[in-house]
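Before any comments, here is the structure.
The values are calculated or read from the model by the stated rules, or taken from the named source; none is laboratory data. Since the structure is predicted, the reported quantities are computational estimates derived from the model, not experimental observations. FYI the Cβ positions are ideal-geometry reconstructions off the backbone, even for glycines, and counts take in every protein chain you see.
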Amino acid sequence: MASTDSFVHLHVHSHYSLLDGACKIPELVETASEFKMPAVAVTDHGNLFGAVEFYRAASDAGVKPIIGYEAYVAPGSRLDKVNTGGIKEAAFHLTLLAENEQGWRNLIQLASAAYLEGFYYKPRIDWELLQKHSGGLLCLSGCLKSEVAHHILAERHGVARETAARYRDLFGAGRYYLEVQENGLDEQRTVNQGEIAIARELGVPLVATNDIHYLRRDDATAHEALLCINTGKLLTDEDRMAFGSDQFYFASGRDMAERFKDLPEALKTTLEIAERCNLKMDFSKRHFPPFDSGELSNDEHLRRLAFDGLREMYGGKPPADVAARLEEELAIIKEMAYASYFLIVRDFVMYAREHDIPVGLRGSGAGCLITRALGMTDFNPVEHGLLFKRFLDPERREPPDIDVDLCEVRREEVLSYVRQKYGADCVAQIVTFGTLGARAAIRDVGRVMDIPLKEVDAIAKEVPEVLHITLKEALAKSPELQNRYKNDPRIHNLLDVAMRLEGLCRHASTHAAGVVISDRPLTEHLPLCKTGDTVTTQFVFEDVETIGLLKMDFLGLRSLTICHEILDLVERETGTRLDLTQIPLDDAGTYELLKRGETEGVFQFASQGMRSLLTRARPDSIEDLIAIVAYYRPGPLQSGMMDKFIHCKHGREPITYPHPKLEPYLKGTYGLIVYQEQIMQLAHDIGGMSMGEALSMIKAISKKKEDKIKQGRDAFIRGSTERGLDAKTAQEIYNLIEFFAGYGFNKAHSTAYAYVAYRMAYLRAHYPVQFFAASMTCERSNRDQVNAFVKDAKAHGIEVLPPDLNRSYTDFRTEGRQIRFGLGAIKNLGDKTADALVAAREAGGPFRSLFDLCERCDSRLVTRAALETLIKCGAADSLGGTRGQLLAGLDRALQVGATAQQDRSRGQTSLFDLLADQQPPPQEQLPDVPDVPKSEQQAWERDLLGFYVSGHPLEEHEEVLRMYATATTAQLAQTEDGTEVVVGGIVDSVRVSVTRKGRFEGQRWARYELSDLEGTARGVMFAQEFAQHGQLLKEGAIVFIRGRVDYQGNEPTLRAQQIIPIERAHALLAGSLIVDVDEAAANEATLTELRDLCAAHHGELPVYVRIHLLDQGAYTLRVGRSMYVEPSSQLLAATHRLVGPGHARFAPRRNGNGNGHGHGGNGGQRPRPRPFAGTRQA
């Protein structure tokens, strides 16, 4: 099988040994191939996450794949989560390799049970499971953490020998091996000596392994950083986890021969094991669940349903061309044997519709006529030029993939139906893995290297905002990053290590939408695990599909939930249920709203960038909206294609076609190629390519596969010239295709989403009160988003009323043109408590008092803490008394209520109960105590509701805030990274931490939240600034913060440099006093009084007087230094009394970078207002 120095690695950890292994599978296989190894194994810690990916990669590279698993074996029962056997991980390590298909199936059983039954720190198996599932497996004793090694190191040689004998007897002669390694560790030498002795005594063969965790020896440092990321340690920590050697790399056969020159038989054993391991994975079979079509075949059943639906769709006989298209689609489905697939999807979509669960399709599946005929979509794909072969084509042999969107809150109901129909053990969600992206790698590595957070953030921000960009690409694109890399040894090291680690899997989680359905229990096909409390596959989406299982995309889409909630509110008020499939697609009010960009909260159109695009594009048809959804991606936006689309649409540029033959395909998009479907149609009709060839060409262009691009180009030009085009024109058309193919979008997907967006915009335009109420209900867990909707509603004349125990429901409800805040959105209350309050009110009428409330509500659901929350936020104001009185009387009310409830439970009835229907019982009196200060009430409201009910504490400071703030919190998201700003507001929270290491070790720094009248911003104040200004950063303080906008991911934060209390704002921020005087008031008496006023407040601040002349503009006069003033609130108030409110203000001084314009006027170091007609100096 191999030459004399041949060797096979049988103990290897890929990066699916999360934050422990550092070998990416393609590179691992490539290295094995480079070393001409005939085979290689992967044995990840406790999982089989990478098995299919590894099997395919190795097979494609001509290297035999050996699927293995490093098991965690519990010292006792896997079910015992208490006794750890005195070992840190509560488990020993054991290496298992699949010899054949039986072994593979047993690995699946072991890996699944380890997660689902044995998880305790690690996914563990035990002796009982090994006894059941040892067939077809070869067992290697394991690394230094194995059971045999454990006993040898404890000098229990007899127990070690007994342990080895027990495993030998379990797996059978010649199937158990003692694993020896040479990694430079003293402990390993001790274990090797012990195992050599045991091998001779028991006749058990030795096998050489290297417990590979990284590919090259010089990856050892990066691997140490990875372990620190895993354990939360610093590289400088003495107690951090470390391997103690740099030998755990993918050594060559020659290296291993040198290490084991005294044990050549251990090397030879690796080849023998590799010869024995011959697992063949069969990816040709499907394991879809069967669908019961009764007496009909699935094809017959599907055909009947489809044509029945088509006739209903057209109200009778469909057009001949449409019927022919459905025939073609059915023929392809039958040829590819996917009738059951469509029936399965239709079944659960119909279940959702029948149970009033909002559902829709997206992706290329939405472009099929059959999905429309089956009632799974509600728009006609033929009218929009959508292609079935974009979805399913016999040439591609790709399985169908219908993506289903479901109501976010009722998605689980559909999953439960699927589990019930096909069996809970046949249905699971799908795992996904978070990876170390470029910025994440910098931040993680910077942390373990103890480089100051401020510095690491600055470096991470130098990585360009490009999707999936690598650090290598970032270095090429960012001169600043390149400069730091070249000139700062610490940063050079940081980036070198980060480049080694980027792309590694960081953690496992549950895919947002992926669900798999099987014909048999899933563990007959793949291993399962748990991510959190959810049972998921151990294989990712692509690998689930590869092994032939039916995967589905069940995405919870909040917009569907919001639309449904709006319709419920409308129906509750009008008695009529609106049918969104019947609304006109040319509604003027909807398009006017879209043109104004008033689309906050509208699906796909809510972002600032999209709203800006809508105001420019001014859409007036559903096709415009489909194009806008398709275009709103980084590539098309950066290419200028959207600008050209807008200019052509509005006649600012002529619509041109390289050839008249293109006009039928591009007329609807103003001469531009927007969609993949357009390219497919062009390539088919003009270039003579099949639809499958056309889509393959598109994918090759988008993935920049040059060899396949050339094939597609040659095929298109050859086909075009055969159909009468000259070669030059054919080349021009192909060049056009190649340019746009990289940006072309799936029109079926954008069509499906444009319809949802249009319908939502229609609801916002015609039912704004219900729109805002439903949006707030569905976003109630997102305080900032609710606040944004409250402000948006107010801007449109819709008031949001405070919560009221006697008026509110769990969700937000409409009251005419007003919205009542929902109890379920109150912080710390929860839906169960809110539901209990509403149920008690509906059963017994409005609550008359605090005592009545406590008597009628179940104290197990409506606790003291819940009642205190209700009082503090103002929801109990209608019960009478002040909040101070209600809080003071709460304990007495609870006592009275508990007594009454106990009496009722014992069957005792008071006289008052008997008379309850006739007259209310006498009321207990609330204590006569002072009310809580208004400022404290406002703080409670802000904390519990997210906004103020009894007035905003900033309202009295609004004029000052507008004078000096250069940005509001809402504007930070539109401010460039690094811009210096001044933001005014109230400090909501401060979290102080201590710097652990580095130059500022032991010094304090803080994270904070600041809110103004428009929203909330998060910020950070690092140690140097905190030492100077930290004493001013206090919760409840009203301040201005001067700082720089600093993006953390996509969210802006404010990196504070200076804190200015509101009381010191005039003194520290004013740059000049500007006084506006009308012509009528610009008389000698007024100007004399102004001069005297300035003299009384003499200081160093320049004063400008603007005299407004009727029909002649204004003149600005700068007064002499003798009239310069000391800024103060008293001066401003006195000036207002003299010239009128709003006719005087302080203008802010210019910031260091020149960006100092506040909301109140121009900025400047000593800012000079721009004259309207001329300037004079007094």
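Tabulated data
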| read-out | value |
| --- | --- |
| Those residues of region 993-1030 which are of a type in the set (A, V, I, L, M) and either closer than 16 Å to GLN1057 by Cα or surrounded by 14 or more Cβ atoms within 10 Å (Cβ to Cβ) (or both), in sequence order | ALA1006, LEU1010, LEU1013, ALA1017, VAL1020, MET1021, ALA1023, ALA1027 |
| From LEU594, LEU625, LEU637, residue being free of Cβ contacts under 8 Å to residues at least 60 places away in the same chain and outside the structural domain of ARG410 (by TED's automatic domain parsing) | LEU637 |
| Residue that is crowded, with 17+ Cβ neighbours inside 10 Å and assigned by TED's automatic domain parsing to the domain that holds LYS872, where the choices are PHE789, PHE771, PHE812 | PHE812 |
| Subset of region 514-539 (residues that are among the hydrophobic types (A, V, I, L, M, F, W, C) and surrounded by 21 or more Cβ atoms within 10 Å (Cβ to Cβ)) | VAL515, VAL516, ILE517, LEU522, LEU526, LEU528, CYS529, PHE539 |
| Selected residue (criterion: nearest to LEU226 (Cα to Cα)) from residues of region 248-271 that are without any contact (Cβ under 8 Å) to a residue 60 or more places away in the chain and in a helix (DSSP H, G or I) | ASP255 |
| Qualifying residue in region 552-572 (condition: hydrophobic (A, V, I, L, M, F, W, C), in contact (Cβ under 8 Å) with a residue 40 or more places away in the chain, in the same structural domain as PHE379 (by TED's automatic domain parsing) and touching a His at 6+ places or on another chain (Cβ under 9 Å)) | no |
| Those residues of region 298-357 which are touching a His at 6+ places or on another chain (Cβ under 8 Å) and crowded, with 20+ Cβ neighbours inside 10 Å, in sequence order | ALA339 |
| Unique match (being within 30 Å of ARG520 (Cα to Cα), surrounded by fewer than 19 Cβ atoms within 10 Å (Cβ to Cβ) and touching a helix residue (DSSP H, G or I) at 6+ places or on another chain (Cβ under 9 Å)) among LEU170, LEU94 | LEU170 |
| Unmet requirement for ARG577, which otherwise passes all of (1) more than 20 Å from ALA630 (Cβ to Cβ); (2) out of contact with any Leu (no Cβ under 7 Å at 6 or more places or on another chain); (3) assigned to a loop (DSSP other than H, G, I, E, B); (4) of a type outside the set (Gly, Ala, Ser) | (2) |
| Region 688-710 residues that are over 21 Å from ARG723 (Cβ atoms) and surrounded by 16 or more Cβ atoms within 10 Å (Cβ to Cβ), paired with ones that are of a type in the set (Lys, Arg) and modelled with pLDDT under 85 (beta carbon under 6 Å, 6 or more apart) | ALA700/LYS708 |
| Residue under evaluation GLY46, criteria (1) small (Gly, Ala, Ser); (2) in the same structural domain as HIS133 (by TED's automatic domain parsing); (3) more than 16 Å from LEU110 (Cβ to Cβ), criterion not met | (3) |
| Some residue of region 205-218 being among the hydrophobic types (A, V, I, L, M, F, W, C), touching a Lys or Arg at 6+ places or on another chain (Cβ under 7 Å) and in the same structural domain as THR31 (by TED's automatic domain parsing) | no |
| Single residue of region 31-73 satisfying the filter (in a helix (DSSP H, G or I) and within 17 Å of ASN210 (Cα to Cα)) that is nearest to the chain's Cα centre (by Cα) | THR31 |
| Any hit, region 827-842, residues being in a loop (DSSP other than H, G, I, E, B), surrounded by fewer than 23 Cβ atoms within 10 Å (Cβ to Cβ) and without any contact (Cβ under 8 Å) to a residue 60 or more places away in the chain | yes |
| Where LEU614 falls short, out of the listed (1) without any contact (Cβ under 8 Å) to a residue 40 or more places away in the chain; (2) surrounded by fewer than 22 Cβ atoms within 10 Å (Cβ to Cβ); (3) under 22 Å from PHE379 (Cβ atoms) | (2) |
| Close pairs from region 17-32: first over 16 Å from GLY68 (Cα atoms), partner surrounded by fewer than 18 Cβ atoms within 10 Å (Cβ to Cβ), Cβ under 6 Å, at least 6 apart | LEU19/ASN230 |
| Every pair of residues 6+ apart whose Cβ atoms lie under 7 Å, when the first sits in region 1020-1045 and is among the small types (Gly, Ala, Ser) while the second is surrounded by fewer than 22 Cβ atoms within 10 Å (Cβ to Cβ) and assigned to a helix (DSSP H, G or I) | GLY1036/ALA939 |
| Criterion: surrounded by fewer than 23 Cβ atoms within 10 Å (Cβ to Cβ) and at pLDDT 90 or above - qualifying residue of PHE388, PHE379 | PHE379 |
| Count of residues meeting criterion [in a loop (DSSP other than H, G, I, E, B), over 16 Å from ALA331 (Cα atoms) and aliphatic (A, V, I, L, M)] in region 375-400 | 2 |
| Matching residues in region 112-159 - criterion: being surrounded by fewer than 17 Cβ atoms within 10 Å (Cβ to Cβ) and in a loop (DSSP other than H, G, I, E, B) | GLU117, TYR121, GLY135, ALA154, GLU155, ARG156 |
| Matching helices (runs of 4 or more DSSP H) fully within region 710-811 where at least 2 residues are among the small types (Gly, Ala, Ser) and closer than 30 Å to THR371 by Cα | 747-766, 768-778 |
| Residue among ASP219, ASP237, ASP211 that alone is of a type outside the set (Ser, Thr, Tyr) and surrounded by fewer than 21 Cβ atoms within 10 Å (Cβ to Cβ) | ASP237 |
| Segments classed as helices (runs of 4 or more DSSP H), wholly inside region 1011-1100, with at least 1 members that are touching a helix residue (DSSP H, G or I) at 6+ places or on another chain (Cβ under 7 Å) and within 16 Å of VAL981 (Cα to Cα) | 1065-1069 |
| Verdict on ARG353 being of a type outside the set (Asp, Glu) and within 26 Å of LEU467 (Cβ to Cβ) | no |
| Checking ALA761 against (1) closer than 24 Å to THR615 by Cβ; (2) surrounded by fewer than 23 Cβ atoms within 10 Å (Cβ to Cβ); (3) touching a Ser or Thr at 6+ places or on another chain (Cβ under 6 Å), the condition it does not meet | (2) |
